[in-house]
Structures are given as C-alpha cells and as structure tokens.
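Below: the structure, in structure tokens.
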Amino acid sequence: MLNNLEKFKCMKRDTAEINLDPLQRGGILTPEARAALIEWGDGYSICDFCAGVLDRIKNPPVEEFVHSVLPKFLGADAVRVMHGAREGKFAAMHALCEKGDWVVIDGNAHYTTVLAAERAGLKIEYVPSSGAPDYAIPAEGYSEAIERAYEHKGNVSMAVLTYPDGNYGNLADVKAVADVCHDFGVPLLLNGAYSVGRMPVNARDLGVDMIVASGHKSMAASGPVGLLGASEEYARTIFRLSATKKNKEVEMLGCTVRGAPLLTLMASFPAVVERISHWPEEVNKARWFAAEMEKLGLIQQGERPHNHDLIFFLAENLYEISQTAKKGRYFLYRDLSERGICGIKPGLTRQFKLSTFGLSRDQLGRVLNAFDEIIRSYAKA
Ligand SMILES: *Cc1c(COP(=O)(O)O)cnc(C)c1O
C-alpha cells in the first residue's frame, strides 16, 4: 500500500545564508532563469514549438542559441545541449571509441569520466599527478600514458583533461597537453564542468577537439543540463543521424534536454557571459581568501598562486579540535552552521574544499571571521 504520501507535498528547502559548496556556487539561478523555471516547468513544455528537431525551434530562440551563439561561445564547430558534462563525455566516447580501446585521462579526473569510459567499454590509462602539495598534471604525462597503452597493444582513441579538476582547482597547460595528444593522433576532450560559465574557455584557441560543460555546475542553470561541443572532424560522427528515424541524432537519443533546464540555461546566459568578464577579480578574491585562511593555520593545496575559485585546504588544527570537541568531527559543520555558513561536507575537518565564486569580499570576510572565532573558541577551552 502506498500511504503517508502527504509529506511529499511540501518540498521546503533549508539552506544557510552563505554556501561554500563548490558544486553549487556557479549554479545559482539568475532572477530571469528562476522565472523561466516556473514558466517552463510543465513536462515537455518546449515541445509545443517543435517541428521534429528540438534544437531547431525558432521561438523561443533555441536554434539561434544552440547553433549560432553556443558554438561561438565555446569555440566549437557544433554544439549540442546535453543533460550534463558526464552525458557529453559518454556520448563522445561512445561515438568515437571502439569497445576495448584505451582512453588516457588525468589522475585528477572526476569519477564521471571513469564511469563514462566504463559504460563505453573502454580501458583507462592514467596520467598521474605530481602528488602533494601541487597535484599538477604535466603535459609529458600524456605521452607516457599513451605509450604505456600502446605497450598493452591498445588503440588509444581519446584523451581527456579535467580543466580544472574538481578537487584542487588546478588548471593544467591545455595547449601543451593538446599538442602532445595530437602528436600521437589522439583527440583531446576538455572537461570544462568547473570552467565554462565561470572563466573564458575557447576550445579552438586551446587546441582541443571536444569540450563538455555543466549548466548546473557553472552556468547558472537548473539541471540537468550541460553542453558538448566538437570540431567539425568529430562532430560528424558524434552527431550522426539515425539510419531509420528521420532527423534524429542517434547519440542524443533523438532529443536531449526537453524543457525547463534548457530554458533556464538560455535565460541566464547573458548574465553568464557578463560574469565571465569579471574572472580576474574572482581569481584575486580566491587568492586573497586562501592567503587569509593560511594565516589561520590552514594550508592550501594545488596550484600556487591559485588560478580558480575552487580551493582545497589541509587543516591539521581543525582535525586536532575534532579529537576532543563535543560531536567530534561534526563540530566544524555545526559551528559554521550556527554562523550561517554551509557547504563544507559534514564530518570533514582535516581536509576539505570550498569555493569563493560569486561571494563578495564582505561575505568571505564573514567566513574568515567564523573560522577565526571557531579556532579561538577551542584554544581557550
Ligand atoms: C561536477 C563535475 C562533473 C559532472 O558534471 P555533470 O554536469 O553533473 O555531469 C564532471 N566533471 C567535473 C570535473 C565535475 O566537477
């Protein structure tokens, strides 16, 4: 029996005033996108206007967005709207690689890159990072990894670089990685889940063959939504048409994002383009914040100076507090919550990541004060 269903009717959301969760900072809707979410919330709402190919809808201007604006924005010959970065990676791998092929991916890669490869039946050769404290991904690592795959008698049909990675916020030298991959005739896919929509990224200028983006991660959109862009050479295969169903692209299963998530992506796009022009200030803010945290005894990991708002910290002092604090390792989460701050995973103290994206210096000052107060309060005890 299905009973006690009343509770599903009231879907309230409780969140702190300042949210430091890197996953969420770039996905906060603009007022326009929030309005679009309500306006287009009904199922298949966009399909009233479709003559068989969703991304050719003229009003609302989906066609212009997908086929003219987004290719310019990403520096790609062709772009499709996907359900997320992971779906973009899977579609590209599934279309371009044969089962049993190898993909070379950076050691800082997101788990979804690994799952996309696994789902596509591919084997993985990793490019190890330099390890603590920088966790850098060297371009030469790609030639070594490709050669290791060759030693297994493997066919290497794609390389992936995470830009930046989701742990340390490191931005590897993409152009150098692309050159190395191209020396071996291997196409490079750039995973821009944490960059596209925050900072300037242009696939053509960076020399990459494919690029994926995440709308709900970095483009102020309500997911699931993302982008897959490709150069002409690879777009032909990835976006190939069905042999039986007219005008339907096989890898997209006909059409991808059908309704509200796409409209939120479109509605916030002008603001996203605008905010990208402020990226240098975002980087300065992140560097300043990291330096202030280090004054409190935490240690920033990853690239120094840092080039992204996602920052990983080691905090031996907070770990020590957790050994004796009431509630143990949950003290930090509780003490920050009491000060209107969330976004660091409950139970983490010794190491954690956070993001400064879109927060003002005043707000970040409040965060710094909170850490300072918390650390001091246990020193007294
Ligand atoms: C968040 C994230 C993803 C997943 O993005 P989706 O759009 O949810 O699929 C992939 N890669 C990196 C590096 C990420 O941080």
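Sort all Cα-Cα distances of the range 31-275 into consecutive 10 angstrom bins from zero, then give the percent of pairs in each bin up to the one containing the longest distance.
8, 33, 35, 18, 6, 0
5 Å is the cut-off here: which amide hydrogens, built 1.01 Å from N in the peptide plane, fall below it relative to Thr162, excluding neighbours closer than 5 in sequence?
Asp106, Asn191
Any chance you could check the Cα centroid distance between the range 160-229 and the range 93-114 for me, in angstrom?
14 Å
I want to check the label-to-label distance for Glu274 and Arg204. Put each point 7 Å from Cα in the C-beta direction and report it in nm to one decimal.
About 2.7 nm separates the two model spin labels.
Can you give the extra length, in nm with one decimal, that the chain gains between Tyr44 and Arg258 once fully stretched, where that is 0.36 nm per residue apart less the Cα-Cα distance?
Extra length available between Tyr44 and Arg258 comes to 76.5 nm.
Each residue of the range 114-126 in order: what ³J(HN,Hα) in whole Hz does its phi give by Karplus 6.51 cos²θ - 1.76 cosθ + 1.60, θ = phi - 60°, with x for Gly and Pro?
5, 5, 4, 5, 4, 5, 8, x, 9, 9, 10, 10, 8
Counting other C-beta atoms within 10 Å, and keeping those with at most 14, which DSSP coil chymotrypsin sites (Phe, Trp or Tyr not before Pro) do you find in the range 44-124?
Taking the range 44-124 and a limit of 14 other Cβ atoms within 10 Å, the loop chymotrypsin sites (Phe, Trp or Tyr not before Pro) found are Tyr44.
Convex hull volume of the Cα atoms in the range 278-380, per residue, in Å³?
85 Å³
Once phi is turned into ³J(HN,Hα) by the Karplus curve 6.51 cos²θ - 1.76 cosθ + 1.60 with θ = phi - 60°, what whole-Hz value does each residue of the range 245-261 show in order, with x for glycine and proline?
Once rounded to whole Hz, the list reads 9, 4, 6, 9, 8, 4, 5, 8, 6, x, 9, 9, 7, 10, x, 3, x.
Report the label-to-label distance for Glu316 and Glu373 in nanometres (one decimal), using points 7 Å from each Cα along the Cα→Cβ vector.
Between Glu316 and Glu373, the label points sit 2.8 nm apart.
Can you give me the long-range amide H partners of Asn19? Hydrogens built in the peptide plane at 1.01 Å from N, cutoff under 5 Å, separation of 5 or more residues or another chain.
The answer is Cys342.
Expressed as a whole number of Å, what is the distance separating the alpha-carbon centroids of the range 24-66 and the range 251-265?
One Cα centre to the other: 8 Å.
Using R₀ = 51 Å, calculate the FRET efficiency as 1/(1 + (r/R₀)^6) where r is the Cβ-Cβ separation of His182 and Gln363; round to 0.05.
0.75
Under a point spin-label approximation (7 Å from Cα along Cα-to-Cβ), what is the Phe8-Ala291 distance to one decimal in nm?
Using points 7 Å along Cα→Cβ, the separation is 5.3 nm.
Between their Cα atoms, which of Lys99/Lys246; Lys72/Lys248; Lys89/Lys285; Lys58/Lys246; Lys295/Lys327 are more than 21 Å away from each other? Numbers along the way, then the final one.
Numbers: Lys99/Lys246 27 Å; Lys72/Lys248 24 Å; Lys89/Lys285 31 Å; Lys58/Lys246 19 Å; Lys295/Lys327 26 Å.
Flagged as over cut-off: Lys99/Lys246; Lys72/Lys248; Lys89/Lys285; Lys295/Lys327.
For every helix of n ≥ 4 consecutive DSSP H residues, a contribution of -39,500 (n - 2.57) applies; sum these over the chain, divide by its total residues, and give [θ] at 222 nm rounded to the nearest 500 deg cm²/dmol.
Helices in the chain give a 222 nm mean residue ellipticity of -11000 deg cm²/dmol.
Could you give me the ³J(HN,Hα) list for the range 73-88, computed from phi with Karplus coefficients 6.51, -1.76, 1.60 and θ = phi - 60°, whole Hz, x at Gly and Pro?
Whole-Hz 3J(HN,Hα) from phi for the range 73-88: 4, 8, x, 10, 6, 9, 9, 10, 7, 10, 7, x, 4, 5, 5, x.
Val156's amide H: which non-local residues (gap 5+, or another chain) put their own amide H closer than 5 Å, with H modeled 1.01 Å from N in plane and none for Pro or chain starts?
Residues meeting the amide H criterion: Trp102.
Shape of the range 309-359 from its Cα gyration tensor (a ≥ b ≥ c, root eigenvalues): rounded if a/c is under 1.5, otherwise prolate when a/b > b/c, or oblate? Working shown, then result.
Numbers: a/c = 2.86, a/b = 1.47, b/c = 1.94.
Oblate, because a/c is 1.5 or more while a/b does not exceed b/c.
Coordinate-derived values only; no laboratory data. Bear in mind the structure is a predicted one, so any value in this text is a computation, not a measurement. Cβ coordinates were reconstructed from backbone atoms using ideal geometry, including for glycine residues, and neighbour counts include every protein chain displayed.
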